[in-house]
Amino acid sequence: MNILSIDTRPFTGQKPGTSGLRKTVREFQQPHYLENFVQAVFDTVGIKAGQTLVLGGDGRFHNRAAIQVIARMAAANGVARLLVGRGGILSTPAASCVIRKHGAMGGIILSASHNPGGPEGDFGIKYNGSNGGPAPEAVTNAIYKASGTIAQYRIIESGDIDLDTEAEFTLGEMQVQVIDPVADYAGLMESLFDFEAMAALVARPKFTMCFDAMHAVTGPYAVEILEKRLGAPEGTVINAEPSEDFGGGHPDPNLVHAHELVELMNGDEPVAFGAASDGDGDRNMVLGQGFYINPCDSLAVLAANATLVPAYRNGLAGVARSMPTSRAVDRVAEGLEIPCFETPTGWKYFGNLMDAGKITLCGEESFGTGSDHVREKDGLWAVLFWLNVIAERDQPPQAIVRDHWERYGRDYFTRHDYENLESLPAQQLLADLRARLDSLPGQTFGELTVDAADDFAYRDPVDASEAQQQGVRIFFDDGSRAVVRLSGTGTGGATLRAYFDAFETDPARMSLGTQKALEPCIEALDAIAGIRERCGRDGPDVIT
Ligand code: G1P
Ligand code: ZN
C-alpha cells in the first residue's frame, strides 16, 4: 500500500502546558491541521516495532472523520496493532482502561470533554501514555514544539475502514481490531465493586435512581452496567443515546446543565439517587433527593467510606486533591492517618502519584473523581462507588453526607466563573494581584483579615518537576480561603475562575445556603482584586 508524505505548513495551535489540542471543529477542519498534530505525536513518542495503539473518542461531530485519518496515519507510521472502539466510541476512562489492559504504548483520545459539540462546537485530541494517563508535560511540550516545526506527515492511501462492526482486519501492514467499547471497562467495574449488594439495592422498590448521560458517551456504558448488569429498570439512564452535538445541549454535569435530572430529583416522584456524567465520561455529579453533593464533599465521603468497597477494603495508600478543591478530604486523610497531596489543577499531576503507589483516590472540584484503577478521572466509577456505599450503609446519600459533616465538619465550597473575558485584561488582573500578594497579610477587607497569600507552586514528589503560578491563594483569619486562576481549557477568550471555601464545625450553621455562608470571603476577594469592576460584570456567569 502506498505511503504518502504530504507537505504541511506547521500549526502551533496547542496551548503550552495543556495536555492536548482543543479547538473549534472549524479549526480542526482546516487542511492538514489534525494531521499535523498526530504526526507531531508520533514523532515525539516514537513508535517501536510490534506496538499497539488505542483510538476512540466521545462520539462528537468530527469524531468519525478524525478516526479515519488517524488510522491511516497510524498505519503509515508503523503501528502494529490498532484497537478502536466500535462506532469510534471510547469514553476517556474506558480508553485508559483499554490501554492498560492490552499493554498498549498509549492511545489517542478524541474529545473536548464538556465543551459543546456539533459543526459549530469544539473538538479535541490528546495522547495518553502506556500507564493510561495523559502524557506528562515534558511530552506535551515536545509535541507542541514538533507541531510548530514539522513539514511533512505520513499517511497511507486507502478508503474508510468499517467502524461499526466488531472485527479484525488489516489496514496497510497494520492490524485493526474494532472492539466493544464497553466490555473491558464494565469488567473492570465488576472487579472493583460489590455488584451483588448493589443489585440488591436497585431491586428494592423504594430505591429509585436516575443517571443522566446528557446524550454523551457514557450512555452505552451506563445502560450496560446499571440496567443490564445491575438490573435497574429500563429508563434509569436518561438521554442515553450519544449524539454528535449532545442533543444540542452542554454536556457538563452541573446544576445548570443537567437541569432535566435536577428537576426529577426535586419533583413529586421521589428519586433517591441521581447522577450525571459529561461529554467524554470522566466527570460526574451526584445528587440525593433534593440534595446537591458538592464534588469536594463527594471525594471526602468516598475516601471516608472506601473500606466498604471490595477494591479498597484494605485501605487507601493516600489521597490527593487539586489545589482549588476544598480541604474536606484533607480532614479525612488526617483521621485515617494517610498522606494527602495538594496538586495543581489538571488530572496529569495525579498520575505520577498513582504510578508511585502514593495515592489511591483523588479528585477535583470540577466534578472529577478517580482512583488508581485507571489514570483518568472516571464519572461512572464514582457513581458506582456511591451506589456501593449507599448499599452498604443502607442510608440515602443526603444522610451519608450529613453524618460526614457531623463527624468532620463542613467545608462550604463554591466556584465563580467569569467567561469570555478579553484575554489581556484578564491576564493583567491576575498579574496585578500577584504583584500585591506580599502586601496583603494583615490587611482587612470587609469582615475578614488576610492571614497569608501566595501563588501556588508545586514540586512533584515523584520526579521533582516543578509547576509555577498555578493560582493565587488568599487565606483569611476565619479559616476561609479564596483562590483565583485563569482556565486553561477554554477555546474562546479567557475564563477567570474564583474559588471559595470556608470551614464550619457548628452543626447549627451547617445548613446555610452556600453563597450565603461564603459571602464574607466572596466580598473580601472582590474588594482585593476588583474582579466585578475590572471584568465589567455584575457577577459571575456560572456559579457551581
Ligand atoms: C478545567 C477544570 C480542571 C480540569 C480540567 C479538565 O480546567 O477546572 O479541574 O482538570 O478542566 O477537565 P480549567 O478550565 O480550569 O483549566
Ligand atoms: Zn470530560
- Query: Among the residues of region 313-322, is any more than 29 Å from V472 (Cα to Cα) and within 16 Å of ligand 2 (Cβ to nearest atom)?
  - Reply: no
- Item | Boolean, A502 is open to solvent by less than 10 Å² (accessible area, probe 1.4 Å) and touching a Leu at 6+ places or on another chain (Cβ under 7 Å) | no
- Item | Single residue of V389, V374 found to be of a type in the set (V, I, T) and assigned to a loop (DSSP other than H, G, I, E, B) | V374
- Message: Where the second residue is assigned to a strand (DSSP E or B) and the first is closer than 11 Å to P507 by Cβ and lies in region 398-412, which pairs have Cβ atoms under 7 Å and are six or more apart or on separate chains?
- Response: G409/F503; G409/E504; R410/E504
- Query: What do you reckon, is R60 part of a loop (DSSP other than H, G, I, E, B) and crowded, with 24+ Cβ neighbours inside 10 Å?
  - Reply: yes
- Hey, can you tell me all the residues within region 460-485 that are at pLDDT below 95 and in a strand (DSSP E or B)? E466, A467
- Determine, yes or no, whether L496 is touching a residue at least 60 places away in the same chain (Cβ under 8 Å), over 28 Å from the mean Cα position of the chain (by Cα) and open to solvent by less than 20 Å² (accessible area, probe 1.4 Å). no
- Going by the conditions given, is I543 within 16 Å of ligand 1 (Cβ to nearest atom), among the β-branched types (V, I, T) and either crowded, with 16+ Cβ neighbours inside 10 Å or at negative phi (or both)? yes
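Does A186 satisfy being in contact (Cβ under 8 Å) with a residue 24 or more places away in the chain and either open to solvent by less than 30 Å² (accessible area, probe 1.4 Å) or in a strand (DSSP E or B) (or both)?
Numbers: in contact (Cβ under 8 Å) with a residue 24 or more places away in the chain: yes; either open to solvent by less than 30 Å² (accessible area, probe 1.4 Å) or in a strand (DSSP E or B) (or both): yes.
When the stated conditions are applied, A186 passes them.
Only one residue in G78, G85 is at pLDDT 95 or above, of a type outside the set (S, T, N, Q) and in a loop (DSSP other than H, G, I, E, B), so which one is that?
Checking each option against the conditions leaves just G78.
Can you pull out every residue in region 333-357 that is of a type outside the set (D, E), within 23 Å of E137 (Cβ to Cβ) and more than 13 Å from ligand 1 (Cβ to nearest atom)?
Here is the first cut: in region 333-357, the ones of a type outside the set (D, E) are 333, 335-336, 338-341, 343-354, 356-357.
Of the ones still in play, those that are also within 23 Å of E137 (Cβ to Cβ) are 339-341, 343-354, 356-357.
Correct list: P339, C340, F341, N352, L353, M354, A356, G357.
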- Note down all Cβ pairs under 8 Å where the first residue falls in region 96-118 and is touching a residue at least 24 places away in the same chain (Cβ under 8 Å) and on the phi > 0 side of the Ramachandran plot, the second is open to solvent by 20 Å² or more (accessible area, probe 1.4 Å) and aliphatic (A, V, I, L, M), and they're at least six residues apart or on different chains. G106/V45
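Filter region 505-544 down to the residues that are of a type in the set (D, E), outside any helix (DSSP H, G or I) and within 17 Å of R485 (Cβ to Cβ) and list them by number.
Residues of region 505-544 of a type in the set (D, E): 506, 519, 523, 526, 533, 538, 541.
Okay, now just the ones that are also outside any helix (DSSP H, G or I), so 506, 538, 541.
Within region 505-544, just D541 meets the criteria.
Sort out which residues of region 368-413 are within 16 Å of ligand 2 (Cβ to nearest atom), open to solvent by 10 Å² or more (accessible area, probe 1.4 Å) and either small (G, A, S) or closer than 24 Å to L230 by Cα (or both), and write them in order of number.
Step one: list which residues in region 368-413 are within 16 Å of ligand 2 (Cβ to nearest atom), which gives 368-370, 374-383.
Filter once more, keeping what is open to solvent by 10 Å² or more (accessible area, probe 1.4 Å): 375, 377.
Within region 368-413, just K377 meets the criteria.
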- Task: Taking only region 424-464 into account, find how many residues are open to solvent by 50 Å² or more (accessible area, probe 1.4 Å) and not charged (D, E, K, R).
- Result: 14
- Note on the structure: Counted residues in region 328-337 being touching an Asp or Glu at 6+ places or on another chain (Cβ under 6 Å) and in a loop (DSSP other than H, G, I, E, B) come to 0
- Return the residue satisfying two criteria in turn: it lies in region 335-367 and is of a type in the set (D, E, K, R) and open to solvent by 20 Å² or more (accessible area, probe 1.4 Å), and of such residues it is nearest to R497 (Cα to Cα). E342
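The values are calculated or read from the model by the stated rules, or taken from the named source; none is laboratory data. Not measured: the values here are computed from a predicted model. Every residue, glycine among them, receives a Cβ derived from its backbone with ideal geometry; neighbour counts consider all protein chains shown. All accessible areas refer to the heavy atoms of the entire protein, side chains included, with ligands and DNA or RNA removed. Shrake-Rupley method; radii C 1.70, N 1.55, O 1.52, S 1.80 Å.
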